[in-house]
Amino acid sequence: MQITKEITPDRQAIVTVEIDQEQMKAAMQRAASSISRVRPVPGFRPGKAPYEMVERQWGKEVLVEEAVDQLSRNIYSQVLRESDVTPIAIGNLEIVQKEPPIFKYTIPVTPEVKLGDYKNIHMKPAEVEVTDEEVDQVLNRFQLTQATMNPVERAVQNGDIITVDVSGGVAGEEPVEEKDLRVTVGDKSQAHLPFDEQLLGMSVGETREIDHTYPEDYEDEHFRGKTAHYSVTLQDIKEQQLPELSDDFAQAVSQFKTLDQFKGNIRDILRRTKEHDNQVKFANDVLQAIVEQSEIAYAPQMLEQELEHDLEHLKQDIQAMGLAWDKYLSLAAKSQEQIKEELKPNAEKRLKQLLVLGELIKAENITVTNEQIKQDIERRVQETVEAGGNAQVARRAYSSQDARDNIGFNLRVNQVMNKIVAMAKGEAVSGLILTPDMVRGESPIPTGLITDPQQVRQELAKGI
């Protein structure tokens, strides 16, 4: 048996196997025995008929087919060992030739990542600022919880809450008949009355005849581009009255005694939220910068697995909304393959980031101890208990080796993310101290960042 191997740029091993005559002869004998066990030759016990009799009974072509099939399966493990190939997924077989047999196995192998000069990536997170307008928006939401609806005797204005009777619809479609429909005029988020701007200026008791043409991108495809006729009668108008922003208001909606204290708390919460979001975004930006300067090669099967994972999650989300997957595809006017194509950019980005993270963990020699894993499990158990769960059940869930391996990987990812973020910011990561000799150029500066520049200033102050 002769084996040749080639690794393609997309990390697939193309292993070509040429079977010698002796192997093929033995395979033909085994094939004859297998066939005669299933389809015995008259006069012989199953599997005991001579080769020549089996060939005469069923023909050489049948024996060749069986021999080639058995060989292609039976030698696979040997081929992997002798070609030094470690598959990461099931490979494909192409039978190039049957006599003598030549097999071509296409086997996805481990991805390859070559990191760039990631230690010299320098970035700064964006400044976090909380504006007065943002604080006011939160205050307004609290005001809405305390708002009252007061009847008014005037024509309809934007922002009014009105009650209407609506009848009519699109010709050929099921007619609409709505009584006591409540509408907030000018609220673009409401889908049930998309022509509310045509009700401005109406008075209580008035009826208007309205023609409305639905846009081409309207959510219900049956109405897209069609013109409907509606009869609308106004029953009443209410105006939303917001409470005055005062200390009394602050006390009514919070534990604070003054409005200024309440606004200060809102500002602090907004700042902390923004800082957290900013930290997450900055970490992702740093990782993406490393990805973009890295050389990454992976088998197409890896991306396909990510896409299938995303597609399955999407299906679960759609089903959780009470919508069948086929119905969703019909409403979206897309095929499943089109959906997968739309999911592809994010799946590809995530795959590359995961591969780079794995390589960074190796490059930075990031390790975790059993004690660290144990502590993290206890943290997770405590969170479960605080959420009303059972501690024993939670511990049991983390007792398997797979669960511990996942926790260990997450801990290593957290460590390496913290490290690359610190590098990008120019913060301490290496544990090395910059010495006066290094400052004067009398000794080399080691790779990594310093931890205590204050040490240098102190030593220089002593006249060193």
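The table for this structure:
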item	result
Unique match (being out of contact with any helix residue (DSSP H, G or I) (no Cβ under 7 Å at 6 or more places or on another chain), among the acidic types (Asp, Glu) and surrounded by 13 or more Cβ atoms within 10 Å (Cβ to Cβ)) among Glu364, Glu337, Glu348, Glu359	Glu359
Matching residues in segment 87-113 - criterion: being within 30 Å of Ile361 (Cα to Cα) and modelled with pLDDT of 90 or more	Pro87, Thr106, Ile107, Pro108, Val109, Thr110, Pro111, Glu112, Val113
Criterion: outside the structural domain of Asp117 (by TED's automatic domain parsing) and not small (Gly, Ala, Ser) - qualifying residue of Gln255, Gln305, Gln261, Gln279	Gln305
Single unsatisfied condition, Gly201 versus (1) closer than 19 Å to Val164 by Cβ; (2) surrounded by 13 or more Cβ atoms within 10 Å (Cβ to Cβ)	(2)
Qualifying residue in segment 14-27 (condition: among the polar types (S, T, N, Q) and free of Cβ contacts under 8 Å to residues at least 24 places away in the same chain)	no
Flag for Glu337 being closer than 27 Å to Ala283 by Cα and part of a helix (DSSP H, G or I)	no
Which listed residue is closer than 30 Å to Lys274 by Cβ, of a type in the set (Ser, Thr, Tyr) and either assigned by TED's automatic domain parsing to the domain that holds Ser254 or surrounded by fewer than 17 Cβ atoms within 10 Å (Cβ to Cβ) (or both), from Thr131, Thr110	Thr131
Long-range neighbours under 7 Å by Cβ, at least six apart or interchain, first residue more than 11 Å from Ile420 (Cβ to Cβ) and touching a residue at least 12 places away in the same chain (Cβ under 8 Å) within segment 284-307, second among the β-branched types (Val, Ile, Thr) and in a strand (DSSP E or B)	Ser294/Val113; Ile296/Val113; Ala299/Val109
Given (1) surrounded by 12 or more Cβ atoms within 10 Å (Cβ to Cβ); (2) not in a helix (DSSP H, G or I), index of the condition Gln353 fails	(2)
Of residues in segment 358-372 being among the aliphatic types (A, V, I, L, M) and either in a loop (DSSP other than H, G, I, E, B) or assigned by TED's automatic domain parsing to the domain that holds Asn410 (or both), the one farthest from Ile420 (Cα to Cα)	Val368
Selection status of Thr227, of a type in the set (S, T, N, Q) and either within 27 Å of Lys327 (Cα to Cα) or loosely packed, with under 11 Cβ neighbours inside 10 Å (or both)	yes
Counted residues, segment 233-273 - those being under 27 Å from the mean Cα position of the chain (by Cα) and buried (at least 16 other Cβ atoms within 10 Å of the Cβ)	1
Conditions (1) surrounded by 12 or more Cβ atoms within 10 Å (Cβ to Cβ); (2) over 43 Å from the mean Cα position of the chain (by Cα); number of the one not met by Phe142	(2)
Residues of segment 369-383 satisfying the condition of being surrounded by 17 or more Cβ atoms within 10 Å (Cβ to Cβ) and β-branched (Val, Ile, Thr)	Ile373, Ile377, Val381
Answer from Ala171, Ala126, Ala155 - the residue that is loosely packed, with under 15 Cβ neighbours inside 10 Å and more than 40 Å from the chain's Cα centre (by Cα)	Ala171
Sole residue being touching a strand residue (DSSP E or B) at 6+ places or on another chain (Cβ under 7 Å), under 30 Å from Phe282 (Cβ atoms) and among the β-branched types (Val, Ile, Thr), chosen from Val113, Val79	Val113
Filtered residues of segment 405-448 (kept if hydrophobic (A, V, I, L, M, F, W, C) and modelled with pLDDT of 90 or more)	Ile407, Phe409, Leu411, Val413, Val416, Met417, Ile420, Val421, Ala422, Met423, Ala424
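Listed here are the residues, each with its yes/no results for (1) basic (Lys, Arg); (2) in a loop (DSSP other than H, G, I, E, B); (3) touching a Lys or Arg at 6+ places or on another chain (Cβ under 9 Å); (4) over 30 Å from Ala289 (Cβ atoms).
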{"position": "Lys119", "(1), (2), (3), (4)": "yes, no, no, no"}
{"position": "Met123", "(1), (2), (3), (4)": "no, yes, yes, no"}
{"position": "Ala126", "(1), (2), (3), (4)": "no, yes, yes, no"}
{"position": "Val135", "(1), (2), (3), (4)": "no, no, yes, yes"}
{"position": "Gln143", "(1), (2), (3), (4)": "no, no, no, yes"}
{"position": "Asn150", "(1), (2), (3), (4)": "no, no, yes, yes"}
{"position": "Glu153", "(1), (2), (3), (4)": "no, yes, no, yes"}
{"position": "Val156", "(1), (2), (3), (4)": "no, yes, no, yes"}
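The values are calculated or read from the model by the stated rules, or taken from the named source; none is laboratory data. Because the structure is a prediction, the values reported are computed rather than measured. So basically every Cβ, Gly included, is an ideal-geometry build from the backbone, and we count neighbours across all protein chains shown.
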